[in-house]
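This report refers to the structure that appears directly beneath it.
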Amino acid sequence: MKLQSLSTFLGLTTLTLTMSINPGFSQDNTSENQPNQVTFLCQEIFDPASGEKVPATIAWVPERQGHVRFIGWKSEYFAKGGWAPQKRCQEVSKKFQNFYEAGRLNRLTTGKNNGYSVVCAVAIDEQSCNGNNQLFTLKNNSDPGLVLEQLVNIAQGKSSEPLWQSSGNSKYLNVRKYLQNAPLVNIKK
């Protein structure tokens, strides 16, 4: 979505998230066993740029009977601190689950926490990022607004690529609308 009307696009509802993470990234039947819940999981997907598979935060959307890609975790930027892509994928997917179950995953926004740019989950537009709602940290040179805009472009069909997380203004992404509009992906078991 374009910067000017981002908050107009984002009137949100909640999601239901459950996690299914396997060390080998193979998907179990969690999403199919819970037909009425949106299910977030860490799943391996193909990255055409590198020609390799990478861990990704994926959502099962029961109303659409398909999966939506959220974030491809391929950056090694945080690996020195113990946060390799696979671990980030697993932990962030768990956070999506927890925030959903608590009714706090209505919108995604960006902000600062402890001096770092972050993406966080908020229930209403007026909320800002803090340690209690942070989903993940961005690389120091990342533009938080651009990261959020990439997600909006996916939701609007302007891009079929997931947000590849290689890493001012308060903007909010409506998670429910994202799940309804983002392209479905075929996940192979």
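Kindly flag which residue pairs out of K80/K171; K53/K95; K94/K177 have an alpha-carbon separation exceeding 26 Å in this structure. The partial results should precede the final answer.
Working: K80/K171 30 Å; K53/K95 23 Å; K94/K177 21 Å.
In this structure, K80/K171 lie more than 26 Å apart at Cα.
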> Quick one: if you stick a label point 7 Å off each Cα along the C-beta vector at K139 and Q180, how many nm between them?
Replying inline: 3.4 nm
>> Taking the Kirkwood radius as the inverse of the mean 1/r across Cα pairs, report the Rg/Rh of segment 72-140.
In response: 0.97
> Modelled label-to-label distance, N114 and K87, 7 Å Cα→beta-carbon offset: nm?
Replying inline: 1.4 nm
> Among the GluC sites (Glu not before Pro) within segment 82-152, which fall in a DSSP loop and have no more than 15 other Cβ atoms within 10 Å of their own Cβ?
Replying inline: E126
> In segment 54-96, how does Rg compare with the Kirkwood Rh, expressed as the Rg/Rh ratio over alpha carbon atoms?
Replying inline: 1.08
> What number comes out for the charge environment of K80, summing +1 per Lys or Arg and -1 per Asp or Glu over other residues with Cβ under 14 Å away?
Replying inline: +2
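All of the numbers you see were taken from the coordinates with simple rules; none came from a lab. It should be emphasised that the depicted structure is a prediction, and the values quoted were computed from it without experimental measurement. In this analysis, Cβ positions are derived from the backbone assuming ideal geometry, glycine residues included, and neighbour counts consider all displayed protein chains.
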